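Report on one structure; see the data block that follows.
The values are calculated or read from the model by the stated rules, or taken from the named source; none is laboratory data. Quick caveat, the model's predicted, so the values are computed rather than measured. Here Cβ is always computed from backbone atoms with ideal geometry, including for glycine, and neighbour counts include all displayed protein chains.
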Amino acid sequence: MTVSMPGLTLERKLWAEGAGPVAGLDEAGRGAWAGPVVAAAVILPPDRDDLPDVLAGVRDSKLCTPRQREALYPVVLETALAAAVGVASAREVEEHNVVGATQLAMRRALDGLGVEVGSLLIDGRTLRLPTVNVPQYSMNEGERHSLSIAAASILAKVTRDRILIELDEVYPEYGFAQHKGYGTRLHRAALAAYGPCEIHRRTYAPIRGSLLDAIPGADDSSEGA
């Protein structure tokens with residue numbers, strides 16, 4: 001199967017229009033049952049004609065192996081004009097819902113850039129940052145079209161995987177190093193055996209079900225207050 005590689009068409013159009021620094025934004029962990037949402041922001045230098053060659057392996061992080069992502073991570077950091085990550089905790093996912101937590105993580109990533117951005121390229125067709133007053137272009141599968149978004153995707157995924165590997169040492173019974181908090185068979189079995197831990201998102205249906213199972217007589221299908 002041929003995989004289309006992201007390019008710089010969108011970035012070059014904005015650079016030609018004088019849009020200023022263009023930040024690509026992507027996240028990792030929205031669908032996980034546990035752990036944080038991690039977002040990354042990447043600004044690529046507009047004056048480098050060799051970007052497609054230097055970042056030749058950069059693509060949607062889901063299409064890379066863990067080893068490939070780890071190898072690409074320092075390349076992105078060395079090449080970017082500016083790059084930063086932002087994190088929203090499991091508790092913030094519960095408080096703001098996953099979209100709000102993703103926006104929060106993205107805003108933190110932007111704040112970490114130390115550069116005033118001119119426009120945003122965001123993965124996710126309906127995702128916008130209402131508190132950021134610059135032009136924003138949101139798109140589905142943005143990491144397959146924009147090299148800036150793809151670079152952000154690598155940083156976000158590697159950072160989040162590293163966080164879950166560290167958390168695996170704190171909660172070794174859950175297997176976070178293997179499944180990174182996503183809803184695998186291994187994760188479901190651990191929930192059934194041990195119940196949720198501190199980093200589980202308790203507003204997510206599988207976690208709510210585990211909590212109810214632990215309460216004698218509880219029934220999540222009951223009506224009432």
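Please find, among 23, 32, the residue that is at pLDDT 95 or above, surrounded by 15 or more Cβ atoms within 10 Å (Cβ to Cβ) and touching a helix residue (DSSP H, G or I) at 6+ places or on another chain (Cβ under 7 Å). Write out each step before concluding.
Numbers: 32 fails: touching a helix residue (DSSP H, G or I) at 6+ places or on another chain (Cβ under 7 Å).
Selected residue: 23, the only one of 23, 32 that is at pLDDT 95 or above, surrounded by 15 or more Cβ atoms within 10 Å (Cβ to Cβ) and touching a helix residue (DSSP H, G or I) at 6+ places or on another chain (Cβ under 7 Å).
Working only within region 158-190, note down all residues that are of a type in the set (A, V, I, L, M, F, W, C) and free of Cβ contacts under 8 Å to residues at least 40 places away in the same chain.
The first filter runs over region 158-190 and keeps only residues of a type in the set (A, V, I, L, M, F, W, C), leaving 158, 163-165, 167, 170, 176-177, 186, 189-190.
If the condition is that a residue be of a type in the set (A, V, I, L, M, F, W, C) and free of Cβ contacts under 8 Å to residues at least 40 places away in the same chain, then 165, 170, 177, 186, 189, 190 are the ones that fit.
Would you mention how many residues in region 35-53 are surrounded by 15 or more Cβ atoms within 10 Å (Cβ to Cβ) and on the phi < 0 side of the Ramachandran plot?
Going through region 35-53, the residues surrounded by 15 or more Cβ atoms within 10 Å (Cβ to Cβ) turn out to be 35-44, 46, 51.
Next cut, on the phi < 0 side of the Ramachandran plot only: 36-44, 46, 51.
Looking only at that region, the number is 11.
What about residue 53, is it among the acidic types (Asp, Glu), over 30 Å from residue 191 (Cα atoms), without any contact (Cβ under 8 Å) to a residue 24 or more places away in the chain and not in a helix (DSSP H, G or I)? Break it down into steps so the answer makes sense when it comes.
Details: among the acidic types (Asp, Glu): yes; over 30 Å from residue 191 (Cα atoms): yes; without any contact (Cβ under 8 Å) to a residue 24 or more places away in the chain: yes; not in a helix (DSSP H, G or I): no.
Taking the combined requirement at face value, the residue does not satisfy it.
Within region 25-47, how many residues turn out to be over 26 Å from residue 199 (Cβ atoms) and either without any contact (Cβ under 8 Å) to a residue 24 or more places away in the chain or part of a strand (DSSP E or B) (or both)?
Going through region 25-47, the residues over 26 Å from residue 199 (Cβ atoms) turn out to be 42-47.
So of that shortlist, the ones also either without any contact (Cβ under 8 Å) to a residue 24 or more places away in the chain or part of a strand (DSSP E or B) (or both) come out as 42-43, 47.
Matching residues across region 25-47 total 3.
Spot the failing condition for residue 95; the list is (1) in contact with a strand residue (DSSP E or B) (Cβ under 9 Å, 6 or more places away or on another chain); (2) under 17 Å from residue 31 (Cα atoms); (3) charged (D, E, K, R), and only one is missed.
(1)
Taking region 10-24, which residues are farther than 30 Å from residue 163 by Cβ, in contact with a strand residue (DSSP E or B) (Cβ under 8 Å, 6 or more places away or on another chain) and part of a helix (DSSP H, G or I)?
If we filter region 10-24 for residues that are farther than 30 Å from residue 163 by Cβ, which is where we start, we get 12-20.
Next cut, in contact with a strand residue (DSSP E or B) (Cβ under 8 Å, 6 or more places away or on another chain) only: 14-15, 19-20.
Result: 14, 15.
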